[in-house]
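Note sheet for the following structure.
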Amino acid sequence: MKEPIVVNEFYEIHIDRAKNRCYITFKGYWKSIDEVPDIVKDLTTFPKLLMPNFTTLTDIREFKTPAPTVMEAFIEAQKENSKHAYRKAARVVTQPLEKMAVERVWKGGGFEGQSALFNTIEEAEAWLDE
């Protein structure tokens, strides 16, 4: 059962303790970090609520590549989160520009676990459940 951690107009973060998984959904276009001032804090909260070897599923289908200051915040959050024991991370993204942005965050954030991009939530869930 998904438990909400943060829900606002720009993003949602839920955890499922039974699956040891975090679900993140990003929405819209963020023109400035001022629109999402708590993004780093919010994105670095969920690993502390899950057990080691957790998985994440991030839905980026309704998200547009944000301003550079927001991208830097994503990288900062990823660097902090990479200290925790991820098992797998799935990203659902269908637009080419957003795919490139996701890859930039992963490379800049030092994530060393298994990660993959998918076109549908169902494909991502199946891969994470393996």
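The values are calculated or read from the model by the stated rules, or taken from the named source; none is laboratory data. Every value quoted in this text rests on a predicted model; they were computed, and no experiment measured them. Quick reminder, even Gly has a Cβ in these numbers, built from the backbone with ideal geometry, and neighbours come from all protein chains shown. Just the protein is used for accessible areas: all its heavy atoms, side chains included, with ligands, DNA and RNA removed. Shrake-Rupley method; radii C 1.70, N 1.55, O 1.52, S 1.80 Å.
Numbers for the structure displayed
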| item | result |
| --- | --- |
| Accessible area per residue, Å², the chain with all protein chains present, probe 1.4 Å | 52 |
| Amide proton proximity set for Lys64, modelled H, under 5 Å, gap of 5+ | Gly28, Tyr29, Trp30 |
| Those trypsin sites (Lys or Arg not before Pro) in segment 1-75 that DSSP places in a loop and that have at most 16 other beta carbons within 10 Å | Arg17, Lys31, Lys64 |
| The chain: most fluctuating residue of Pro96, Pro68, Pro52 per GNM, C-alpha cutoff 10 Å | Pro96 |
| Fraction of accessible area attributable to carbon and sulfur, the chain (%, probe 1.4 Å) | 53 |
| Under-5 Å amide H pairs with Leu57, H placed in peptide plane, nonlocal only | Cys22, Tyr23, Ile24, Ala90 |
| Total charge dipole magnitude, the chain, about the Cα centre, Cβ charges on Lys, Arg, Asp, Glu only, Debye to nearest 20 | 300 |
| Spatially near lysine pairs across the chain, Cα under 14 Å, sequence gap of 8 or more or different chains | 9 |
